[in-house]
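For reference, the structure discussed in these notes is given below.
The values are calculated or read from the model by the stated rules, or taken from the named source; none is laboratory data. Please read these numbers as outputs of a predicted model, since none were measured by experiment. Here the Cβ positions follow ideal geometry from the backbone for every residue, glycine too, while neighbour counts run over all protein chains shown. SASA here: full protein model, heavy atoms, side chains in, ligands and nucleic acids out. Shrake-Rupley method; radii C 1.70, N 1.55, O 1.52, S 1.80 Å.
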Amino acid sequence: MIFMVTIGLEVHVQLMTETKLFCSCSNKFTTIPNTHVCETCLGMPGSKPRLNKKAVEQAIKIGLALNCKINHEMFFSRKSYFYPDMSKNFQITQYEMPICFDGFLELNGRKIRIRRIQMEEDPARLIHEGAIEKAKNVLVDYNRSGTPLCEIVTEPDFTSPQEARLFLQELSLMLEYLGVYDPNTEGSIRVDANISLPKGKRVEVKNVSGFKEVERAFSYEIIRQSSLLKRGQKIVMETRGWNAESGTTISLRSKETEDDYGYIFETDLPTVEVSKKAMELKYGMPEFAKQKVERYEREFRIGREMALSIVSEPDIADAFETAVKEIDTHISATFFSKMLKKVLNYENLRLKQTGLETKWLITIMKKLENKEITDRAAELLLRDMVLKPQDPEILLKLRGLTRIDTEEALDPIVLNVLSKNSLAIIDYKHGKPESLEFLVGQVMRATQGRADPVITRKVIHKRLDE
Ligand SMILES: [Zn+2]
């Protein structure tokens, strides 16, 4: 039995500003708890918030990128609630008049509607010792308190967990190109979802991080709800949390409505005019992944798959665009989309995290272009370099990975390989072509991939046909 499912998302994005939303404390991540704090972000009586203009600009940029309407002006409201992660007992957020509304993101030709984008402060981080259900103590780290957030609320337009995951991946890449968010910081995107089945009640699954986890959590929740319905049981309207370890959602509380929070106008902050800034920012929007793919296909005549791979990270796209100015287009496109991506994926790293300099990558590509090194040697260099960023010229000398491409140099290596592989020689003499490839492979192995395959084949032929 297939159930039609409806999913709407609330995506919380931590903005990448120097300082917090309402005070001058650093917004940079630190592992030492409660060090980036002041009276404002600790919510002490009498402290006054001051609005971070950079955060407002970033929120406008997000709105523009998501085809939203930008409000002429906006103001903040207090959302009252009592919980240790918000010491002043209210969160400064937007309710009546958010900064942006009515937008969309195109996903495989379908428009996912964006209902609103609002700015708000992140609460402190609560650390439950052990599992949340069993923890005897909870620790509070106020470093996160006051981090600027954009909450992006979609209409219930998703029909599967896979589609929601795809949306988040697209959104994340778009935010990265905008330069407003760091995907490498844990919890920099957190998702709440409203999931409902026909004849069921709306259930909220809160606070899921990681795109794979989103898909897992939503899939679990759909199965849970549909099996309740199948047994003729009722689904209750509630808020549930995701336990990644057990792979299940757990009931947190019965769902409150927005009215329960008793929103009131935040009198400590002025009404802000945003439309003028939006007009300015409109003309400075970056080129996004989709536009880049189209341009690469047109300008560099590279295939869609390659182009998609290059634009999958802004830093790779930047490095590629620098490299093609001096390196053959095909060599650089292959280098970035295949070789570099393969090495980065293997280490589960992004280029940004490695500290690799574009000029080093260009050095490697030049050596490939001049046939000084083989593909295999280039890959070995990269593997070392992503873990320990260094100049490939020095590494090349250290590791002795230069190409062996003269018959004189290859001949003794070939003879040595032939002496150990008499069976392959017999096969070759019996007309089995794969035995030649096997022997080439053995020479590659003996030289750590430094042997030129064409010359190697020639030398083996010569020796075997003697
Ligand atoms: Zn502060």
Checklist entry - Of everything in segment 128-148 that's open to solvent by 60 Å² or more (accessible area, probe 1.4 Å) and aliphatic (A, V, I, L, M), which residue is nearest to the ligand (Cβ to nearest atom)? => result 139
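Just one of 352, 388, 371, 359 is touching a residue at least 60 places away in the same chain (Cβ under 8 Å), more than 16 Å from residue 334 (Cα to Cα), among the basic types (Lys, Arg) and not assigned by TED's automatic domain parsing to the domain that holds residue 453; which is it?
Numbers: 388 fails: touching a residue at least 60 places away in the same chain (Cβ under 8 Å); 371 fails: more than 16 Å from residue 334 (Cα to Cα); 359 fails: touching a residue at least 60 places away in the same chain (Cβ under 8 Å).
Criteria check complete, one pass: 352.
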Next on the checklist: Looking only at segment 344-362, count every residue that is open to solvent by 30 Å² or more (accessible area, probe 1.4 Å) and of a type outside the set (Gly, Ala, Ser) and tell me the total.
Outcome noted: 12
Item to check | Among the candidates 149, 139, residue that is in the same structural domain as residue 47 (by TED's automatic domain parsing), farther than 21 Å from residue 69 by Cα and either in contact with a Pro (Cβ under 8 Å, 6 or more places away or on another chain) or in a strand (DSSP E or B) (or both) | outcome: 139
Item to check | Count of residues meeting criterion [surrounded by fewer than 17 Cβ atoms within 10 Å (Cβ to Cβ) and outside any loop (DSSP other than H, G, I, E, B)] in segment 173-193 | outcome: 0
Checklist entry - Among the residues of segment 383-403, which ones are open to solvent by 60 Å² or more (accessible area, probe 1.4 Å) and assigned to a helix (DSSP H, G or I)? => result 383, 387, 393, 394, 397, 398, 399
Checklist entry - Scanning for something part of a helix (DSSP H, G or I), open to solvent by 20 Å² or more (accessible area, probe 1.4 Å) and among the acidic types (Asp, Glu), does segment 458-465 turn up at least one residue? => result no
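Here's the yes/no breakdown for (1) aliphatic (A, V, I, L, M); (2) outside any strand (DSSP E or B):
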| site | (1), (2) |
| --- | --- |
| 218 | no, yes |
| 223 | yes, yes |
| 228 | yes, yes |
| 233 | no, yes |
| 241 | no, no |
| 251 | no, no |
Checklist entry - Would you pick out the residues in segment 98-127 that are open to solvent by less than 60 Å² (accessible area, probe 1.4 Å) and outside any strand (DSSP E or B)? => result 98, 99, 122, 123, 124
Checklist entry - Does segment 11-31 contain any residue that is at pLDDT below 95, hydrophobic (A, V, I, L, M, F, W, C) and under 26 Å from the mean Cα position of the chain (by Cα)? => result yes
Item to check | Single residue of segment 253-286 satisfying the filter (part of a loop (DSSP other than H, G, I, E, B) and in contact with a Phe, Trp or Tyr (Cβ under 7 Å, 6 or more places away or on another chain)) that is surrounded by the most Cβ atoms within 10 Å (Cβ to Cβ) | outcome: 266
Checklist entry - Hey, among the residues in segment 1-53 that are away from the ligand (no atom under 11 Å from the Cβ) and of a type in the set (Phe, Trp, Tyr), which one's least open to solvent (accessible area, probe 1.4 Å)? => result 3
